[in-house]
Amino acid sequence: TRSTRPQRLLKVVQKHATRGDPQSVISAIDHFCRRSEWAMNIGDEKGSILDSVVSELNPEKVLELGTYCGYSTVRIARLLPPGARLITLEFNADYAAIARQVIAWVGLEDKVQLVESASEDWIPRMTEHFGIETFDFVFLDHWKDRYLPDTKLMEGCGLLRKGTVLLADNVICPGVPDYLEYVRNSLSYKSCYFKSHLEYSKAEDGLEKKSVFLG
Ligand SMILES: CNc1ncnc2c1ncn2[C@@H]1O[C@H](/C=C/CNC(=O)c2cc(-c3ccc(F)cc3)cc(O)c2O)[C@@H](O)[C@H]1O
Ligand SMILES: [Mg+2]
């Protein structure tokens, strides 16, 4: 049977990227997605904005919702200080298998914990299973209609503290109207919009960064 796009993306990484070199993995994936097959990675333009938010924050405890092939996982993990931890949730077994191999290729396994499960099942278990009280940074890039319910779930589980930064991909395309309305109107968040473009495209898209204001 025909291979899947994530499988072809992994082949590109193994063929063109250097083991242990995250930048070469990022470049290989971006080149493939721009020249051969579009894929829903955050990409290089929005990825640079993600990089700047992570570098400025220097987070110790990071949560990513929606691993897919691990492109943004690698982008974030490569910038984390020693001892920092990134937990990434992915409930599709095929995608998780690809992502594990991409993460292993760059040698970032010691910083990254991929949990093959649905966000709604694991957000309530973060404290008892990982001993994580609160997160410093959360990157949302999973099903768009799950951004808001999962944010409320994280609030309810006490995983967001004063100063926690949440960064959401695709706030324009495909769009997350209910989430945007909530974070922009809620008094407990300061939020700002980074205008950009949809990955590997000229269509408008953007990232919404919000800092939890009132713990
Ligand atoms: C609900 N709880 C969940 N828990 C764990 N993993 C979850 C998950 N929901 C989804 N996932 C996983 O996240 C990933 C889903 C991402 C959804 N993303 C998009 O739909 C998306 C879509 C576009 C897109 C934009 C324009 C267009 F024409 C076509 C597509 C661009 C993006 O950047 C996107 O992120 C998958 O790997 C899925 O298995
Ligand atoms: Mg996205």
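Annotations
- Taking the numbered list (1) open to solvent by 50 Å² or more (accessible area, probe 1.4 Å); (2) touching a Pro at 6+ places or on another chain (Cβ under 8 Å) in turn, residue 185 passes all entries but (2).
- Selected residue (only one of 147, 193, 179 is open to solvent by 40 Å² or more (accessible area, probe 1.4 Å) and modelled with pLDDT of 95 or more): 193
- Of the residues making up region 171-190, those that are within 18 Å of the chain's Cα centre (by Cα) and not aromatic (Phe, Trp, Tyr) are 171, 172, 173, 174, 175, 176, 180.
- With respect to the stated conditions, residue 213 fails to be open to solvent by less than 20 Å² (accessible area, probe 1.4 Å) and more than 16 Å from ligand 1 (Cβ to nearest atom).
Residue-by-condition table, conditions (1) within 16 Å of ligand 2 (Cβ to nearest atom); (2) in contact with a His (Cβ under 7 Å, 6 or more places away or on another chain); (3) closer than 25 Å to residue 80 by Cβ; (4) not basic (Lys, Arg):
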{"residue": "4", "(1), (2), (3), (4)": "no, no, no, yes"}
{"residue": "9", "(1), (2), (3), (4)": "yes, no, yes, yes"}
{"residue": "15", "(1), (2), (3), (4)": "no, no, no, no"}
{"residue": "19", "(1), (2), (3), (4)": "no, no, yes, no"}
{"residue": "24", "(1), (2), (3), (4)": "no, no, yes, yes"}
{"residue": "27", "(1), (2), (3), (4)": "no, no, yes, yes"}
{"residue": "39", "(1), (2), (3), (4)": "yes, no, yes, yes"}
{"residue": "46", "(1), (2), (3), (4)": "yes, no, yes, no"}
{"residue": "53", "(1), (2), (3), (4)": "yes, no, yes, yes"}
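- Region 106-135, residues that are away from ligand 1 (no atom under 13 Å from the Cβ) and hydroxyl-bearing (Ser, Thr, Tyr): 127, 134
- Yes/no for residue 56 being outside any loop (DSSP other than H, G, I, E, B) and acidic (Asp, Glu): yes
- Screening residue 174 against (1) open to solvent by 20 Å² or more (accessible area, probe 1.4 Å); (2) touching a helix residue (DSSP H, G or I) at 6+ places or on another chain (Cβ under 6 Å); (3) within 19 Å of residue 118 (Cα to Cα) leaves a single unmet condition, (3).
- Residue under evaluation residue 48, criteria (1) within 19 Å of residue 196 (Cα to Cα); (2) assigned to a loop (DSSP other than H, G, I, E, B); (3) open to solvent by 30 Å² or more (accessible area, probe 1.4 Å), criterion not met: (2)
The values are calculated or read from the model by the stated rules, or taken from the named source; none is laboratory data. Being a predicted model, the structure only gives us computed values, none of them experimental. Note that each Cβ is placed from the backbone with ideal geometry, even for glycine, and that neighbours are counted across all protein chains shown. Quick note on the areas: whole protein, heavy atoms, side chains included, nothing else; ligands and nucleic acids left out. Shrake-Rupley method; radii C 1.70, N 1.55, O 1.52, S 1.80 Å.
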